[in-house]
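The values are calculated or read from the model by the stated rules, or taken from the named source; none is laboratory data. Note that the structure is a prediction, hence the values are computed from the model and not measured. With ideal geometry, Cβ positions are generated from the backbone for all residues, glycine too; neighbour counts draw on all protein chains shown.
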Amino acid sequence: MDDKLKTTYSNIVSINPYSDLYFKSTSNFLIQINSPSYNKESFYISYLNTKSFITAKIDISKNILEEDLEDTIISKIYDELALDQTIIYQINFIELANENDDKNRYFHIFVIDSSILDEIYKSTIKKIKYIDVIIPSPLLLKSLYVKNIIKSSGVHCFIYFQESEAFVTIYDKKEFVYTKSINYSITDIYERFCELYGEKVNYDDFKDFLLTEDLKSTKSDYKKNIIKLYKEILVNINEILTYVKRAYEIETIEHLYIGTQIPIKIKLNEIAEFEMDIECSDFSFDYGFDNNQNDVSQLHYLMHIYASLDSNERYDCNFTTFPRPPKFIKRDSGKFLLFIFISFIIAAIYPIFYLGLSYSKVFEYNLLESEYTKLHIKKNDIEIAIKAKESNKNIIYHLLKKEEDNYNDKKNTLIKIEEIKVNYPMKAKILSVLVEDLGKFNVNLESLSYAEDEKNKYFIFNLVSLNNKNITNLIKYITKKYNGKYDFSTQNIVYKDNYGKYFSDLKVTIL
């Protein structure tokens, strides 16, 4: 049983709505319930006979969006099955795994008229109110593979005869492939036997015959007709299998499982294996219950192990229209009453909350006021200290200003002394050197001057000579001699008639 089911429900109840039989699982036992009634601790599961619903296989383009898939499938079902638009149907579908088709998705669809569903469960619902799962009977066989009761994964055929119905179901690779109702229920077999026998036989006597007689012990008039009837059934089944192999591209049916709701003495599986040349077994499995009973329909056992599967191991194909109501708080009425209850609580809490909030605010105000008083006193002390510091700062600033002025005066005096000590000897040295060079070229010094600008210090020598070449040669000489120390330049050399001499202003820039 899946974990959620274990924690929510204490037992499982299986329902056969056609014969009004109920079985409950208790520990490892299956017990019939003679007077069923609703119990919220029970999980209820039932099945639909194959002849109660329509089944088909359809394909849908993979281009269809997931949110549009259900509407597309339903629309296609109505078109392909020509369903009556005036009838309300319950429709479910399961997808097939198909890795060979890149364009389409394939689905098994199951359709039942809602009015038929209501009619089938009319008496059941009066007793137990709710049914959690209603599943097509062929899908119950999935549990045989999930529980490893059948371990192989080949193509298997299941044939089961009930009192009101018989069906053929095919599984391939442990997945549902095909199902069909056949007109050979135990009731149908009885009526067909009467036709072959030529007279009406009592139904209870016929059932007793099936339960107690085999082909060796049965009387010859019965034996001939029952063999003929069984062969007729096997021919019909063989025709179905031939169709399925062709329609679903199945090469061979590997195994047949044949069973009946009542424990028939004659082994149909042995006859089928001989007639059809397919390996056959009795439709009787070990379901893990301590009291596997021959008089309990195999479908009841299948329902119990199917309900015990995890939800992701079952086929998502539930036809129930009788689900139990959601938990109280999830119902609209429950939500409304819960809303009213919460509203009353809020209404009661509201004044208390605001009274408490008022007291908390008063307490908070008193704390803040006390804190403010302390901070205000501290603020005043800090302001007084700041004013005292600012007063001291002004006094210190004036003293500093006075000291800076004294410093600057002394600095300027020292600079002037430095200029006198350095510049005057330097100027005298320059003059003595240059005057000495003037004599070498017979050039006289009429006057000189000294000047400074932002970039340079320079002398202006006013030169006089009888010959302009003397001045020119002088300039060439000193330019070469003092290259890198001084820069020499002159605008022109002028001859004055009244003096009979040449004059020039020589600019000497100290580098």
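Computed quantities for the displayed model
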read-out: Residues located in the stretch 136-171, provided they are surrounded by fewer than 18 Cβ atoms within 10 Å (Cβ to Cβ) and more than 17 Å from residue 298 (Cβ to Cβ); value: 148, 151, 152, 153, 154
read-out: Lone unmet requirement of (1) exposed (fewer than 13 other Cβ atoms within 10 Å of the Cβ); (2) within 49 Å of the chain's Cα centre (by Cα) for residue 212; value: (2)
read-out: Residue that is closer than 25 Å to residue 299 by Cα, small (Gly, Ala, Ser) and surrounded by 10 or more Cβ atoms within 10 Å (Cβ to Cβ), where the choices are 75, 46, 35, 27; value: 46
read-out: Pairs, first within 15 Å of residue 213 (Cα to Cα) in the stretch 255-284, second buried (at least 18 other Cβ atoms within 10 Å of the Cβ) and not aromatic (Phe, Trp, Tyr), C-beta under 6 Å, six or more apart; value: 264/210; 268/258
read-out: Single condition residue 185 does not satisfy, out of (1) buried (at least 16 other Cβ atoms within 10 Å of the Cβ); (2) out of contact with any helix residue (DSSP H, G or I) (no Cβ under 8 Å at 6 or more places or on another chain); (3) farther than 27 Å from residue 247 by Cβ; value: (3)
read-out: Hits in the stretch 459-511 - residues which are closer than 14 Å to residue 440 by Cβ, of a type in the set (Lys, Arg) and touching a residue at least 12 places away in the same chain (Cβ under 8 Å); value: 481
read-out: From the options 233, 253, residue that is at pLDDT 85 or above, of a type in the set (A, V, I, L, M, F, W, C) and part of a loop (DSSP other than H, G, I, E, B); value: 253
read-out: Some residue of the stretch 481-494 being crowded, with 16+ Cβ neighbours inside 10 Å, under 16 Å from residue 448 (Cβ atoms) and among the aromatic types (Phe, Trp, Tyr); value: yes
